[in-house]
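Scroll down for the structure; my scribbles are underneath it.
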Amino acid sequence: MVLTSQELLQRHEASLVNFEPLPLLSELEPAQMPRMLIITCADPRCIPENIFNLHTGEAVVYRVPGGNAQFLLEHVLSLDSLLHFTECIIVQHTDCGATHFRDDKVKEGLRERAPDLEQQIEGLKFGEITGSLDENVKKSIDFLRASALVPEELKANTRGFVFDLKTGNLKEVDV
Ligand SMILES: [Zn+2]
């Protein structure tokens with residue numbers, strides 16, 4: 001059955017039974033601040049909260065199709081200014097949707113929908129993965145490490161992994 005917003009709202013209603021108030025940032029001790037950054041895919045099979053048994057408040061999670069850090073620089077920097085991330089984990093996964101679509105194909109569809117916007121469409125990037133997953137994870141790590149805007153400590157403590165949907169294993173990518 002296709003999930004609907006109504007179903008989600010019912011689940012939310014049921015979840016309120018166990019809801020406990022969450023701390024404001026101003027109420028956290030330095031040691032309680034989330035310093036872990038996780039970058040991964042938007043794919044509903046690749047859920048970092050499950051993969052790492054994450055608890056509320058432990059980590060900041062960014063999810064974009066493909067899990068490409070290249071799309072997230074501003075977001076990494078804005079929250080880093082508050083939280084001062086000390087570690088980053090990038091997780092991409094087997095059978096990623098970004099290995100199935102091609103940027104050119106997406107653009108073709110957009111040109112049909114909005115022929116007047118050719119210039120804007122041409123400049124769009126969708127994060128297709130054309131090489132190996134290992135190479136793609138490495139691209140994300142290299143991107144962060146190449147940026148003078150990313151703190152050195154975070155660059156040094158960035159690791160990359162490929163999550164296998166079938167076995168559940170995480171394989172670290174050599175960089
Ligand atoms: Zn994916």
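With the structure loaded, tell me whether L154 is assigned to a helix (DSSP H, G or I), crowded, with 17+ Cβ neighbours inside 10 Å and away from the ligand (no atom under 14 Å from the Cβ) or whether it fails that test. Reasoning before the result, please.
Numbers: assigned to a helix (DSSP H, G or I): yes; crowded, with 17+ Cβ neighbours inside 10 Å: yes; away from the ligand (no atom under 14 Å from the Cβ): yes.
Answer is yes for this residue.
Against the test of being of a type in the set (A, V, I, L, M, F, W, C) and within 16 Å of the ligand (Cβ to nearest atom), the options V17, V91 yield a single qualifying residue, V91. The C-beta contact set for the range 60-73 (first residue closer than 18 Å to V162 by Cβ, second residue away from the ligand (no atom under 14 Å from the Cβ) and assigned to a helix (DSSP H, G or I), distance under 7 angstrom, 6+ apart or interchain) comprises Y62/H75; A69/F143; A69/L144; Q70/F143.
Answer yes or no: is there a residue in the range 52-59 that is more than 10 Å from the chain's Cα centre (by Cα) and small (G, A, S).
Keep residues of the range 52-59 that are more than 10 Å from the chain's Cα centre (by Cα), which gives 52-59.
Now drop any that are not small (G, A, S), which leaves 57, 59.
Scanning the range 52-59 turns up at least one residue that is more than 10 Å from the chain's Cα centre (by Cα) and small (G, A, S).
Scanning the range 112-151 for residues that are assigned to a helix (DSSP H, G or I) and of a type in the set (K, R) turns up R113, K138, K139, R145.
Number of residues in the range 108-134 that are of a type in the set (D, E) and closer than 13 Å to I90 by Cβ equals 1. Within the range 86-105, residues that are closer than 18 Å to Q70 by Cβ and free of Cβ contacts under 8 Å to residues at least 40 places away in the same chain sit with their Cβ atoms under 7 Å from residues that are more than 15 Å from the ligand (Cβ to nearest atom) and part of a loop (DSSP other than H, G, I, E, B), at 6+ positions apart or across chains, in these pairs: D103/K125.
Within the range 54-83, being touching a Leu at 6+ places or on another chain (Cβ under 9 Å) and at positive phi holds for one residue alone: G57. Summed over the range 120-134, residues that are of a type outside the set (F, W, Y) and surrounded by 12 or more Cβ atoms within 10 Å (Cβ to Cβ) total 7.
When the range 30-63 is examined, which residues are found to be β-branched (V, I, T), within 15 Å of the ligand (Cβ to nearest atom) and touching a strand residue (DSSP E or B) at 6+ places or on another chain (Cβ under 8 Å)?
Narrowing the range 30-63 to residues β-branched (V, I, T): 38-40, 47, 51, 56, 60-61.
If we keep only those that are within 15 Å of the ligand (Cβ to nearest atom) too, we end up with 38-40, 47, 51, 61.
Result: I38, I39, T40, I51, V61.
Give the residue, chosen from L149, L117, that is modelled with pLDDT of 95 or more, surrounded by fewer than 18 Cβ atoms within 10 Å (Cβ to Cβ), under 24 Å from V175 (Cα atoms) and more than 16 Å from the ligand (Cβ to nearest atom).
Numbers: L117 fails: under 24 Å from V175 (Cα atoms).
Step by step, each of L149, L117 is checked, and only L149 is modelled with pLDDT of 95 or more, surrounded by fewer than 18 Cβ atoms within 10 Å (Cβ to Cβ), under 24 Å from V175 (Cα atoms) and more than 16 Å from the ligand (Cβ to nearest atom).
When the range 64-75 is filtered for residues that are touching a strand residue (DSSP E or B) at 6+ places or on another chain (Cβ under 6 Å) and within 14 Å of the ligand (Cβ to nearest atom), the ones remaining, listed by number, are G67, A69.
V162 falls short of the stated requirement of being at negative phi, touching a helix residue (DSSP H, G or I) at 6+ places or on another chain (Cβ under 6 Å) and assigned to a loop (DSSP other than H, G, I, E, B).
Listed here are the strands (runs of 3 or more DSSP E) enclosed by the range 26-110 that have at least 1 residues being crowded, with 17+ Cβ neighbours inside 10 Å and in contact with a Phe, Trp or Tyr (Cβ under 6 Å, 6 or more places away or on another chain): 36-40, 87-93.
For the range 136-167, which residues satisfy the criterion of being hydrophobic (A, V, I, L, M, F, W, C) and touching a Phe, Trp or Tyr at 6+ places or on another chain (Cβ under 8 Å)?
Scanning the range 136-167 gives V137, L154.
The values are calculated or read from the model by the stated rules, or taken from the named source; none is laboratory data. The model shown is predicted, which means the values in this text are computed figures rather than measured ones. Every residue, glycine among them, receives a Cβ derived from its backbone with ideal geometry; neighbour counts consider all protein chains shown.
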